[in-house]
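> If you scroll down you'll find the structure; I have some questions about it.
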There are 4 protein chains.
Amino acid sequence: MIVVMKPHASREAVNAVVARVKDLGLNAHLSEGEELTIIGVVGSPLPPTLDGQLEVLNEVERVVRITKKHKLTGWDFHPQKTLITVRGTVIGGDDLTIIAGPCSVETEEQTISTAHAVKAAGATILRGGAYKPRTSPYEFRGLGRRGLEILAQARAETGLAIITEVMTPADIDIVGQFTDIFQIGARNCQNYLLLEEVGKAGKPVMLKRGLSMLLEEQLLAAEYVMAQGNPDVILCERGIRTFESATRNTLDVSAVPVLQGMSHLPVFIDPSHAAGKRALVPALSLAAVAAGADGLIMEVHPSPDHALSDGAQSLTFPEFDALTPRIAAVAAAVGRRLPLTADLALA
Amino acid sequence: MIVVMKPHASREAVNAVVARVKDLGLNAHLSEGEELTIIGVVGSPLPPTLDGQLEVLNEVERVVRITKKHKLTGWDFHPQKTLITVRGTVIGGDDLTIIAGPCSVETEEQTISTAHAVKAAGATILRGGAYKPRTSPYEFRGLGRRGLEILAQARAETGLAIITEVMTPADIDIVGQFTDIFQIGARNCQNYLLLEEVGKAGKPVMLKRGLSMLLEEQLLAAEYVMAQGNPDVILCERGIRTFESATRNTLDVSAVPVLQGMSHLPVFIDPSHAAGKRALVPALSLAAVAAGADGLIMEVHPSPDHALSDGAQSLTFPEFDALTPRIAAVAAAVGRRLPLTADLALA
Amino acid sequence: MIVVMKPHASREAVNAVVARVKDLGLNAHLSEGEELTIIGVVGSPLPPTLDGQLEVLNEVERVVRITKKHKLTGWDFHPQKTLITVRGTVIGGDDLTIIAGPCSVETEEQTISTAHAVKAAGATILRGGAYKPRTSPYEFRGLGRRGLEILAQARAETGLAIITEVMTPADIDIVGQFTDIFQIGARNCQNYLLLEEVGKAGKPVMLKRGLSMLLEEQLLAAEYVMAQGNPDVILCERGIRTFESATRNTLDVSAVPVLQGMSHLPVFIDPSHAAGKRALVPALSLAAVAAGADGLIMEVHPSPDHALSDGAQSLTFPEFDALTPRIAAVAAAVGRRLPLTADLALA
Amino acid sequence: MIVVMKPHASREAVNAVVARVKDLGLNAHLSEGEELTIIGVVGSPLPPTLDGQLEVLNEVERVVRITKKHKLTGWDFHPQKTLITVRGTVIGGDDLTIIAGPCSVETEEQTISTAHAVKAAGATILRGGAYKPRTSPYEFRGLGRRGLEILAQARAETGLAIITEVMTPADIDIVGQFTDIFQIGARNCQNYLLLEEVGKAGKPVMLKRGLSMLLEEQLLAAEYVMAQGNPDVILCERGIRTFESATRNTLDVSAVPVLQGMSHLPVFIDPSHAAGKRALVPALSLAAVAAGADGLIMEVHPSPDHALSDGAQSLTFPEFDALTPRIAAVAAAVGRRLPLTADLALA
């Protein structure tokens, strides 16, 4: 950490900073120029709030933290890309992973038909919400345990792995009895006690980015999960909130290369929540894959105009069918592979 | 709700919308112009996801929801301003309420000295975090139960009411044994199960706005609390996240008149978290009061440069002392009253 | 336009709206339900400020504009995609167009070597600033006329078309003597008199999106150019300003399908200004092409660490060389073609 | 400026930075710790693009600019608050200044009646647009020269000073023949050639903040005006663009203390454009004054529901009449004075 003093700072002010640093058991490295005095602070670990403590001292111009706050999620800690294997699907490797399914589990028929459809089109993991966070308390909030049972049934019939959201620590046990991957939604991205509890649950976790979460904060949220001993975290970008209203959210496609530069964790894109409109989903899916995403999580519904949630952004079966070969083509163009059932059938 | 068809929409498309509306047990009111066909949808209650379901039908241009989604928080439901009485302090009435105290409860001495200082300067409620949400898992996260005990001791010594944050349903019981008001932090503003559980706990709740939360969404979050039978919710604006970096967050002072226009609930401002810098806190406090805020919640610390969190934005005792008479003057100018101890002493 | 009255609005209020509409020579189409009264306003053209005028009338709940404000830029006006031909390059057709070059024209040698390099790698248009908008008046602001001469010389030597920015009406004449395409920068995107003057200048115009410009506003800005009789406008997304600081701006890749859905004009992406960092440019370029962009405009410099502006986001020649084949591969995967010199040489 | 090298940076990389700095005629001050090497760069003036040039060198972690980019607008350059006197009104001093009037000059009667009304209520400067920037080319764009003549007539009848917008360099001459203060609108805030030309015109300039302009950028825009020898610049905050849609823009009231901390220039607030809704204007006006604004610029119209622009946010005469005494009361509470005609009449 570097403390930059105001131009022509007094000797007493400089000494006060140095004294404070030493009080904390750290070393201060003084560099005095004619106009500018800089104090390097060295020690390990630096208290996370140190910058705030030094910033308020007299005649301090600015405090600059040099070392990143994230550790376990960084390349220094884990120099190989993290690979997560779930029922035969390897996430984070050469193969692109497609997760698809309805926003909410509504009925057995709806879910199982969707599972068959998305599997046929190339997905290897089924998504579906049993516990739904809703902006208003008066909206449909999911089938709960019954929803989990339907997902498990869909898995049994299709062999797809399943992912579903958990919203509160008390539900981790029941959700964990069914799901293969825990999903933490955007609204809970900084629900730290949930992150820690799910970190102890022994299954992979997909962590969605909050609507106004810095990418560095997303890594720190992942750090909460990993600090509990769980290395299997998937980061998911799903659009951020900006002034633009033509889309439900603004897909920050740059999150893919930025996060991959900072972290060894797999990075997914959710084009459905970003777009909010079905017609935009194909373009955003292809963009995500071209940018290097490790996977996509998409909403597909047998009859989107009857969906109890997010119908406007869900693809129909034929739309999803038509899209996956286009995704496979872009994946191939950037050196990734999307194994399509059609190809497998031909092989 | 109004469904606007695309110009020159076909008869079949119009009929399909009408049929869908009737399927749902609602009434459709058709208005056909030469160019424009509009379908009014009437019924009570309208399913909350109805707009999404109709938007995806063929040749629909746009669906416009007329009725607001919030109910219990609205003036229609409760035509008088909500007054909340906590240990003699009436929140939401003619008196302005000041809540002050440290970001975190660190020590008995720190907390109790602050309690005396803020009481002397005009505060009637003491704030202080025992359970702290932190962006990084490696930061100071509060004293937990010991922090609650210190707050209770400060209350016993000063007569101030106390407010402290609860972060997870499992902590509601223990926090509720001590606190007078539950605080729900910005990061948990859409942690719906926490909102519901705290709604059952029988004490007032202050609900901070999330960093990218629409004001209408803040009311819907309050709706979660109120739907559990708890009428005592305080809304708090604490800055939103924007592109501007000169302040920690951007104080949306307009939230005061907007929320007061939509809701009977008291509206507070937290100038400390909005500013992020001590020097800006006075101006923002005065602005908040002039805009009509029902109260302020502010950070005060005996020695901000030794604070374990948020030191840079905490006022010192002398700064807080100097500020409250200025707040009282602005309050008087807008027809509110801040009873200052000095005045009481004189009286 | 639809005027929605407040629930149970009075007869007088409804009549007042109808009267006002008729005063303006428009027709009012009244639709009265039990709870809800809606007034459809029909007439052509509707005054652009009509919504504001009706919104303030008594007991009006909301005014909803149905017809889009943009006309000449919309598909209704021009049902074929606009193709713009510049020195043999057809913009907006099946071929992807790459514009590349330095941020600023600095020297003859720098510009001409870059022109050769980008041409060899697949670009068909050379970019370079002679008049530079700079946030601070103390920064390098371009070579002016000398810069234009250097660009023209680069064109003469390579056959590349050229694009350069014009910042003020007084410069249109001189810039127009040299350039093939006028570029309007993000800061001037709502400099309406400049837009009109450049609309009269008889050459294609690339219109960059402002940092906080709605996509609909970008179309309205294009409308200013087209209303002067100039059909050849290229829309360019170059990142918007959000809270995220890991990138210089946030690339709104959704702008591609959204604008293409609303307008017949070609849509380009500028990955360099969006990213602000060279290392992110390849991923964003590929994402843009996969999303369906009609072209890219990129910064390339012989020695970015000596560049007088935007060095951090400029690609070196080898980086650009390595990138265009990857762009070509993604283009092919989405049904576009980037003719590479290498291929041409082989053919 | 400080260059922070990556941990354990190589000797060659450090030397390369030092060499580059010396090449530019600047001094490098090396500070090597065990883990961290920092290079202080000293010299005057530092090239404005120096950070970009150093950032791209090998093994450089980060470049931190210590000195602010703005100069003439800073307290160092001008340690007294700038006072601007316009026809007897002193802007920036103890008196609060109120500018009021219609968005657009529409008719002689409308403008002159407004001038009388706002003068009677306490305003000393009349606003009114003769040249209007409009998002769409199909909207009312002002009366042009005729509008200026009407403003001058209003001034002659009332003694109020006038302020009106200039949109393009070619109009500076004609606008300057009439106006007392030039207004540069939000859309032209980075139209640098306009800023320079208006800087030469010998009259005060009000510079509105752009919708996504950093406060530091607003100072740099003012720097363009001041660098032409014009010291009389007024900064105006008028709301920034954020995700919140309950208001037209988000009033950044913190801009007042932040700008006043950085600059000696007067700071105004435009509550009308920020709110976009008449009902919110009083609260925002009072907040602005309490935050320490040097003045307000507000929209007032004899019949807002007939206004050709911005009717929804314009106050009626009675509303404005009722508001100014409340503004005067808050001004008094924060040590400012708003001389009201009523008081003057009494005196």
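> Does B:Thr49 fit the bill of being free of Cβ contacts under 8 Å to residues at least 24 places away in the same chain, crowded, with 18+ Cβ neighbours inside 10 Å and either more than 12 Å from chain A (Cβ to nearest Cβ) or hydroxyl-bearing (Ser, Thr, Tyr) (or both)?
So B:Thr49 fits the description; yes.
Conditions tested, residue by residue: (1) under 18 Å from A:Gly295 (Cβ atoms); (2) modelled with pLDDT of 95 or more.
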{"site": "A:Ala121", "(1), (2)": "yes, yes"}
{"site": "A:Thr124", "(1), (2)": "yes, yes"}
{"site": "A:Arg127", "(1), (2)": "yes, yes"}
{"site": "A:Ser136", "(1), (2)": "no, no"}
{"site": "A:Gln153", "(1), (2)": "no, yes"}
{"site": "A:Gly176", "(1), (2)": "no, yes"}
{"site": "A:Lys200", "(1), (2)": "no, yes"}
{"site": "A:Met206", "(1), (2)": "yes, yes"}
{"site": "A:Leu215", "(1), (2)": "yes, yes"}
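> Search segment C:52-86 for residues being among the β-branched types (Val, Ile, Thr) and farther than 26 Å from D:Gly276 by Cα, and hand back the single one that is surrounded by the most Cβ atoms within 10 Å (Cβ to Cβ).
Filtering segment C:52-86 down to residues among the β-branched types (Val, Ile, Thr) leaves C:56, C:60, C:63-64, C:66-67, C:73, C:82, C:84-86.
Now drop any that are not farther than 26 Å from D:Gly276 by Cα, which leaves C:73, C:82, C:84-86.
Details: C:Thr73: 27, C:Thr82: 20, C:Ile84: 21, C:Thr85: 13, C:Val86: 20.
In this case the residue turns out to be C:Thr73.
> Within segment C:118-140, can one find any residue that is of a type in the set (Val, Ile, Thr) and within 14 Å of chain D (Cβ to nearest Cβ)?
Yes, segment C:118-140 contains a residue that is of a type in the set (Val, Ile, Thr) and within 14 Å of chain D (Cβ to nearest Cβ).
> What's the number of the condition A:Gly276 fails, among (1) surrounded by fewer than 24 Cβ atoms within 10 Å (Cβ to Cβ); (2) modelled with pLDDT of 95 or more?
(2)
> Just name the residue that is farthest from the other protein chains (Cβ to nearest Cβ) out of those in segment C:284-306 that are surrounded by fewer than 24 Cβ atoms within 10 Å (Cβ to Cβ) and not polar (S, T, N, Q).
The initial filter retains those residues of segment C:284-306 that are surrounded by fewer than 24 Cβ atoms within 10 Å (Cβ to Cβ), namely C:292, C:302-306.
Restricting the remaining residues to those that are not polar (S, T, N, Q) gives C:292, C:302, C:304-306.
Values: C:Gly292: 5, C:Pro302: 13, C:Pro304: 6, C:Asp305: 4, C:His306: 7 Å.
Top of the filtered list is C:Pro302.
> Looking only at segment A:254-272, count how many residues are under 13 Å from the mean Cα position of the chain (by Cα) and either touching a residue at least 60 places away in the same chain (Cβ under 8 Å) or within 7 Å of chain C (Cβ to nearest Cβ) (or both).
Summing the residues that are under 13 Å from the mean Cα position of the chain (by Cα) and either touching a residue at least 60 places away in the same chain (Cβ under 8 Å) or within 7 Å of chain C (Cβ to nearest Cβ) (or both) in segment A:254-272 gives 8.
> Failed condition for A:Leu235, given (1) within 25 Å of A:Lys81 (Cβ to Cβ); (2) more than 9 Å from chain C (Cβ to nearest Cβ); (3) in contact with a Lys or Arg (Cβ under 9 Å, 6 or more places away or on another chain); (4) assigned to a loop (DSSP other than H, G, I, E, B), with all others met?
So the condition that A:Leu235 fails would be (4).
> Still on this structure, I have one more. Applying the selection to segment C:313-330, what residues are of a type outside the set (D, E, K, R), away from chain A (no Cβ under 14 Å) and either closer than 21 Å to A:Pro271 by Cβ or surrounded by fewer than 24 Cβ atoms within 10 Å (Cβ to Cβ) (or both)?
Within segment C:313-330, C:Thr316, C:Phe317, C:Pro318 qualify.
> A follow-up question, please. Look through segment B:57-109, keep the residues that are in a loop (DSSP other than H, G, I, E, B) and basic (Lys, Arg), and return whichever of them is farthest from the other protein chains (Cβ to nearest Cβ).
B:Arg87
> Suppose we keep only residues that are at the interface with another protein chain (Cβ under 9 Å from one of its Cβ atoms) and either modelled with pLDDT of 80 or more or not in a loop (DSSP other than H, G, I, E, B) (or both) within segment C:7-31. Which one would you say is farthest from B:Val42 (Cα to Cα)?
Taking segment C:7-31 as the starting set, the residues that turn out to be at the interface with another protein chain (Cβ under 9 Å from one of its Cβ atoms) are C:7, C:20, C:27, C:29-31.
Checking the rest, the ones that are also either modelled with pLDDT of 80 or more or not in a loop (DSSP other than H, G, I, E, B) (or both) come to C:20, C:27, C:29-31.
Details: C:Arg20: 27, C:Asn27: 25, C:His29: 19, C:Leu30: 17, C:Ser31: 13 Å.
Per the stated criteria, the residue is C:Arg20.
> Another question, if that's okay. Against the condition touching a Phe, Trp or Tyr at 6+ places or on another chain (Cβ under 6 Å) and of a type outside the set (Asp, Glu), how does D:Ala115 come out, does it pass?
It is false that D:Ala115 is touching a Phe, Trp or Tyr at 6+ places or on another chain (Cβ under 6 Å) and of a type outside the set (Asp, Glu).
> So which residues in segment D:232-253 are within 17 Å of the chain's Cα centre (by Cα) and polar (S, T, N, Q), if there are any at all?
Within segment D:232-253, D:Asn249, D:Thr250 qualify.
> Are any residues in segment A:148-160 buried (at least 19 other Cβ atoms within 10 Å of the Cβ) and touching a helix residue (DSSP H, G or I) at 6+ places or on another chain (Cβ under 7 Å), and if so, which ones?
As a first pass, look at segment A:148-160 and keep what is buried (at least 19 other Cβ atoms within 10 Å of the Cβ): A:148, A:150-151, A:154-155, A:158, A:160.
Correct list: A:Leu148, A:Ile150, A:Leu151, A:Ala154, A:Thr158, A:Leu160.
> Next up: For segment D:52-105, how many residues meet the condition of being more than 18 Å from the chain's Cα centre (by Cα) and among the basic types (Lys, Arg)?
Qualifying residue count, segment D:52-105: 4.
> When segment C:221-250 is examined, which residues are found to be among the aliphatic types (A, V, I, L, M) and crowded, with 24+ Cβ neighbours inside 10 Å?
Answer for segment C:221-250, where residues must be among the aliphatic types (A, V, I, L, M) and crowded, with 24+ Cβ neighbours inside 10 Å: C:Ala221, C:Ala222, C:Val225, C:Met226, C:Val233, C:Ile234, C:Leu235, C:Ile240.
> If you don't mind, there's one more thing I want to ask. Consider segment D:285-314. How many of its residues are of a type in the set (A, V, I, L, M) and over 17 Å from the mean Cα position of the chain (by Cα)?
7
> Also, I was wondering about something else. Quick one: would you say D:Leu143 is surrounded by 24 or more Cβ atoms within 10 Å (Cβ to Cβ) and either closer than 28 Å to D:Gln218 by Cα or more than 14 Å from every other protein chain (Cβ to nearest Cβ) (or both)?
It is false that D:Leu143 is surrounded by 24 or more Cβ atoms within 10 Å (Cβ to Cβ) and either closer than 28 Å to D:Gln218 by Cα or more than 14 Å from every other protein chain (Cβ to nearest Cβ) (or both).
> Further question on the same structure: Do we find a residue being more than 10 Å from every other protein chain (Cβ to nearest Cβ) and either of a type in the set (S, T, N, Q) or free of Cβ contacts under 8 Å to residues at least 40 places away in the same chain (or both) anywhere in segment A:239-253? Working first, answer last.
In the first step, residues of segment A:239-253 are kept if they are more than 10 Å from every other protein chain (Cβ to nearest Cβ); the result is none.
No, the conditions are met nowhere in segment A:239-253.
> Does C:Ala333 count as in contact with a helix residue (DSSP H, G or I) (Cβ under 8 Å, 6 or more places away or on another chain), surrounded by fewer than 24 Cβ atoms within 10 Å (Cβ to Cβ) and at the interface with another protein chain (Cβ under 7 Å from one of its Cβ atoms)? Write out each step before concluding.
On the way: in contact with a helix residue (DSSP H, G or I) (Cβ under 8 Å, 6 or more places away or on another chain): yes; surrounded by fewer than 24 Cβ atoms within 10 Å (Cβ to Cβ): yes; at the interface with another protein chain (Cβ under 7 Å from one of its Cβ atoms): yes.
Answer is yes for this residue.
> Just one of the numbered conditions (1) surrounded by 17 or more Cβ atoms within 10 Å (Cβ to Cβ); (2) part of a loop (DSSP other than H, G, I, E, B) is not true of B:Val41; which one?
Just one mismatch for B:Val41, condition (2).
> Which one of C:Glu319, C:Glu244 is more than 30 Å from C:Thr82 (Cα to Cα), at pLDDT 95 or above and in contact with a strand residue (DSSP E or B) (Cβ under 6 Å, 6 or more places away or on another chain)?
C:Glu244
The values are calculated or read from the model by the stated rules, or taken from the named source; none is laboratory data. No experiment lies behind these values; they were computed from the predicted model shown. Here Cβ is always computed from backbone atoms with ideal geometry, including for glycine, and neighbour counts include all displayed protein chains.
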